[in-house]
């Protein structure tokens, strides 16, 4: 039971961290993947299916509709999921989306990229991030690109890559530094223990040290799972992640959030968060997102 809980928590924290980075649409990553730049980030989700949002959907400057999914583990249902997304995006925008899956897991990639049925053939691209050169990500002006470099091909240059990422983190404000440090530590969990230890060692030499016991995952998620049981820990962690994603989406859409909105999100249950996420699609003002519950 405890081992299964730890596995669920690991996938949860990777998923939220990666989606948080993707919401900024890192330019160097997209340039490499699709040879284009984002013009507009599009908010898309199923109107009646829980927990099913595309990781990233953008309108590219060349006019293409682009959909990217990040995957931390091999999933035999990936073709069906991508087909679901294809149908959703085509129905919403009346345009065929260009779809890719970026695999960031630490096990060998074994997922298929197609679905062949009697009357249907469907396929998309799968890219293993470990095959991508880390250098363009390190040189990017986007800090999100810099963090993702730790997942790329770094063999033989681990210490140099870690130092360059930490140098970039050290340049931001103390509040941003805390979040970025936590995200980097989480991402190293998708690589070797040696890389994770290297990040901790090099981090001690720079003014960015953070007590993981005070972070979202260290204090609120792991303690909940340890002392209140598997189901309660999973529910709390998922709820916290949904609240974080909604808050970032609202900030992206409407700018810095007032205190009353932050408090409502922090106190909300899963059903409320889902309803507000749906209302965000059509709302023209922040107040309209919360109109039914304020």
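Could you list all residues from segment 133-148 that are under 17 Å from residue 188 (Cβ atoms) and in contact with a strand residue (DSSP E or B) (Cβ under 9 Å, 6 or more places away or on another chain)? Write out each step before concluding.
Going residue by residue through segment 133-148, those that are under 17 Å from residue 188 (Cβ atoms) are 134, 137-138, 143-148.
The one that is under 17 Å from residue 188 (Cβ atoms) and in contact with a strand residue (DSSP E or B) (Cβ under 9 Å, 6 or more places away or on another chain): 134.
Looking at the structure I just gave you, is residue 102 under 20 Å from residue 20 (Cα atoms), touching a residue at least 60 places away in the same chain (Cβ under 8 Å) and outside any helix (DSSP H, G or I)?
Working: under 20 Å from residue 20 (Cα atoms): yes; touching a residue at least 60 places away in the same chain (Cβ under 8 Å): yes; outside any helix (DSSP H, G or I): yes.
Considered against the rule, which asks whether it is under 20 Å from residue 20 (Cα atoms), touching a residue at least 60 places away in the same chain (Cβ under 8 Å) and outside any helix (DSSP H, G or I), residue 102 comes out as yes.
For segment 257-294, how many residues are outside any helix (DSSP H, G or I) and at pLDDT below 85?
Kept after step one, since they are outside any helix (DSSP H, G or I), are these residues of segment 257-294: 257-258, 268-269, 281-285, 290-294.
Filter once more, keeping what is at pLDDT below 85: 268-269, 281-284, 291-294.
Summing the residues that are outside any helix (DSSP H, G or I) and at pLDDT below 85 in segment 257-294 gives 10.
What about residue 85, is it touching a helix residue (DSSP H, G or I) at 6+ places or on another chain (Cβ under 9 Å), under 21 Å from residue 54 (Cα atoms), at pLDDT 90 or above and not assigned by TED's automatic domain parsing to the domain that holds residue 203? Full working, then the answer.
Working: touching a helix residue (DSSP H, G or I) at 6+ places or on another chain (Cβ under 9 Å): no; under 21 Å from residue 54 (Cα atoms): yes; at pLDDT 90 or above: yes; not assigned by TED's automatic domain parsing to the domain that holds residue 203: yes.
So residue 85 fails the test.
Any chance segment 220-240 includes a residue that's out of contact with any strand residue (DSSP E or B) (no Cβ under 8 Å at 6 or more places or on another chain), modelled with pLDDT under 80, surrounded by fewer than 15 Cβ atoms within 10 Å (Cβ to Cβ) and not in a helix (DSSP H, G or I)? Looking through segment 220-240, at least one residue is out of contact with any strand residue (DSSP E or B) (no Cβ under 8 Å at 6 or more places or on another chain), modelled with pLDDT under 80, surrounded by fewer than 15 Cβ atoms within 10 Å (Cβ to Cβ) and not in a helix (DSSP H, G or I). When each of 68, 22 is tested for being buried (at least 19 other Cβ atoms within 10 Å of the Cβ), at pLDDT 60 or above, closer than 21 Å to residue 254 by Cβ and within 19 Å of the chain's Cα centre (by Cα), the lone residue that passes is 22.
So, in segment 83-99, exactly how many residues are surrounded by fewer than 19 Cβ atoms within 10 Å (Cβ to Cβ) and part of a strand (DSSP E or B)? Break it down stepwise before answering.
The initial filter retains those residues of segment 83-99 that are surrounded by fewer than 19 Cβ atoms within 10 Å (Cβ to Cβ), namely 83-84, 86-87, 90-96, 98.
From what is left, the residues that are part of a strand (DSSP E or B) are 98.
Looking only at that region, the number is 1.
Considering each of 125, 160 in turn, give the residue that is within 18 Å of residue 199 (Cα to Cα) and out of contact with any helix residue (DSSP H, G or I) (no Cβ under 8 Å at 6 or more places or on another chain). Step by step, each of 125, 160 is checked, and only 160 is within 18 Å of residue 199 (Cα to Cα) and out of contact with any helix residue (DSSP H, G or I) (no Cβ under 8 Å at 6 or more places or on another chain).
Does residue 115 satisfy being assigned to a loop (DSSP other than H, G, I, E, B), touching a helix residue (DSSP H, G or I) at 6+ places or on another chain (Cβ under 9 Å), at pLDDT 85 or above and more than 19 Å from residue 30 (Cα to Cα)? Judged against the criteria, residue 115 is not a match.
Report, by residue number, each residue of segment 254-273 that is surrounded by 15 or more Cβ atoms within 10 Å (Cβ to Cβ) and within 21 Å of residue 17 (Cβ to Cβ).
Of everything in segment 254-273, those that are surrounded by 15 or more Cβ atoms within 10 Å (Cβ to Cβ) and within 21 Å of residue 17 (Cβ to Cβ) turn out to be 257, 262, 265, 273.
The values are calculated or read from the model by the stated rules, or taken from the named source; none is laboratory data. Treat the numbers as computed from the prediction; the structure is a model and nothing was measured. Note: ideal-geometry Cβ built from the backbone for every residue, glycine included; neighbour counts use all protein chains shown.
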